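Structure first, commentary second.
The values are calculated or read from the model by the stated rules, or taken from the named source; none is laboratory data. As the structure is a computational prediction, the values presented were derived from the model and not from experiment. Here the Cβ positions follow ideal geometry from the backbone for every residue, glycine too, while neighbour counts run over all protein chains shown. The accessibility values were calculated without ligands, DNA or RNA, using every heavy atom of the protein model including side chains. Shrake-Rupley method; radii C 1.70, N 1.55, O 1.52, S 1.80 Å.
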Amino acid sequence: MVRTRRIQRGLRPVGVSFANLRCGWTSKVEPGKGQSPRQPAWPRATLALDLKALGTMGQATSEARTLTPFAIDLDRSPFTVIWEVTRACDLRCVHCRADAQSRRDPRELSTEEGRRLLEDVRKLESPVFIFTGGDPLRRPDLFELVDYAVELGLNVAITPSGTPLLTPAVVQRFRACGVRRMGLSLDGPDAKYHDAFRQQPGSFGWSVTALKAARECGLPTQINTTVTRGNRRKLAEMSTLVGDLGAVTWSLFFLVRVGRAQDTEQLTAEEFEEVFAFLYELSRRVPYQVRTTAAPHYRRYVLQRQTEERRRQAVGVARLLGTIPQDMPAAMPRALHGVTDGRGLVFISHIGEVLPSGFLPLVAGNVRQASLGDIYRSAPLFRALRDVSRWHGKCRDCEFVRVCGGSRARAYARYGDPLAEEPLCAYLPRSTRRSSPSASFNLR
């Protein structure tokens, strides 16, 4: 039996009866079993790949930067797999979803268990695989695992922390190992704000040094920024810094109240729209890609703007939905349809627990007991997250549900129900049918 449960703060996940969450259920994931007869109605996601940048996925043509579309069934395989290899980290970030600790957890997946997990990921043929933490560099066997992932043909990205462990030599080693992209967090345009947010003097400088080292050795980088009330007025300055550091992607994480994050730092629905407007205009003039995390309704915003302008092939939609311009460097795969918690995205914790995302602390299984593919395809939680008919509230009835779907993690953080509506979306669907967002969810 695999009991779905909520992860509590700290290192020790504590099982919570779903009776306390008004749902009370346990689920069994049987290896080898397929989907339930009730098939979610999600379309296959059309993707665009830069085959030169992603040589493990196919042969590059004679013309540099050729894009080839292909399909992936998000009911069968996740688009993105994220493995939290450890929760150990030397930062004390005020928003940390993992509530990271100074010491490694002895229950972490072993090297051999990690290798088996990577083999499982390879079978799923997921286009993107990410090593994250905590700080991945706190694992002594990190490079052994990275080498094996690359050997298996995975498109590997990594998100280390900005600490003294992240030296230029380490960055160069990432590049030599075959890492496709390195993601680093910068939450403000200067050390004063960033170091206070990360609660570690020097973090800004270490991160900038690593980003410059990556540019020098040819390792593509993504800069991650958590958007809060404290820095939303600094985003214009941040956008300039992202360009100056040569990042290929700027990913903006919209706060979800999980781990150490607090509601007081959360934007309002109207402020989300203001930031969306800024990002949309920015995406049309900068050389890097602009994307969001935990804000899938940015896709809705972009499509609305493009509809108004009667220019469906405008650059904003192209960069958002996967058709990367030919001069975009080192493009990673992008999904055409919305990838969000449990629908194209899966997260494995440091102790092997499988969750819809790092921001949605509901455990659907453990890779020590069942394969990642079986859990993703068959766990009732994952099936429900992909079945719109089982949702409550305006997201279910929204005409943009196929490209957005709302943040299931934020719905859970607000209502205790991952099937409820996105609480911080200002848009009202054409169909005004509404149901209570606090309705209980039963995933039998």
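One residue stands out in region 192-216 among those that are touching a Pro at 6+ places or on another chain (Cβ under 8 Å) and of a type in the set (A, V, I, L, M, F, W, C): the one that is most open to solvent (accessible area, probe 1.4 Å), namely 206.
For region 375-413, the candidate set comprises residues that are aromatic (Phe, Trp, Tyr) and either assigned to a helix (DSSP H, G or I) or out of contact with any Phe, Trp or Tyr (no Cβ under 8 Å at 6 or more places or on another chain) (or both); within that set, the residue that is nearest to residue 340 (Cα to Cα) is 382. If only residues of region 134-159 that are in contact with a helix residue (DSSP H, G or I) (Cβ under 8 Å, 6 or more places away or on another chain) and assigned to a loop (DSSP other than H, G, I, E, B) are counted, the one that is surrounded by the fewest Cβ atoms within 10 Å (Cβ to Cβ) is 153.
Report, by residue number, each residue of region 217-247 that is of a type in the set (Asp, Glu) and either without any contact (Cβ under 8 Å) to a residue 24 or more places away in the chain or surrounded by 15 or more Cβ atoms within 10 Å (Cβ to Cβ) (or both). Matches in region 217-247: 244 only. A residue that is over 18 Å from residue 157 (Cα atoms) and outside any loop (DSSP other than H, G, I, E, B) occurs nowhere in region 289-296. Number of residues in region 80-109 that are open to solvent by 50 Å² or more (accessible area, probe 1.4 Å) and modelled with pLDDT of 90 or more equals 2. Do the conditions hold for residue 293, that is, is it under 17 Å from residue 181 (Cβ atoms) and at pLDDT below 95? So residue 293 passes the test.
Residues of region 376-386 that are farther than 16 Å from residue 118 by Cβ and either more than 20 Å from the chain's Cα centre (by Cα) or open to solvent by less than 10 Å² (accessible area, probe 1.4 Å) (or both): 378, 379, 380, 381, 382, 384, 385, 386. For the condition open to solvent by less than 20 Å² (accessible area, probe 1.4 Å) and not small (Gly, Ala, Ser), what is the one hit in 414, 408, 402? From the options 414, 408, 402, the qualifying one is 408.
Restricting region 360-374 to residues that are more than 18 Å from the chain's Cα centre (by Cα), in a loop (DSSP other than H, G, I, E, B) and not hydrophobic (A, V, I, L, M, F, W, C) leaves a set whose member that is nearest to residue 295 (Cα to Cα) is 371. Considering the conditions (1) touching a residue at least 60 places away in the same chain (Cβ under 8 Å); (2) in contact with a Gly (Cβ under 9 Å, 6 or more places away or on another chain); (3) not hydrophobic (A, V, I, L, M, F, W, C), residue 187 is excluded by exactly one of them, (1).
The set of residues from region 161-189 being under 18 Å from the mean Cα position of the chain (by Cα), open to solvent by 10 Å² or more (accessible area, probe 1.4 Å) and of a type outside the set (D, E, K, R) comprises 161, 185. For region 155-179, a tally of residues being at pLDDT below 95 and closer than 24 Å to residue 121 by Cβ returns 1.
Would you be able to tell me the number of residues in region 117-133 that are open to solvent by 40 Å² or more (accessible area, probe 1.4 Å) and assigned to a helix (DSSP H, G or I)? Matching residues across region 117-133 total 3.
Filter region 265-312 for residues that are of a type in the set (Phe, Trp, Tyr) and under 29 Å from residue 414 (Cβ atoms); which is surrounded by the fewest Cβ atoms within 10 Å (Cβ to Cβ)? The residue in question is 278.
Restricting 162, 114 to residues that are assigned to a loop (DSSP other than H, G, I, E, B) and touching a residue at least 12 places away in the same chain (Cβ under 8 Å) narrows the list to 162.
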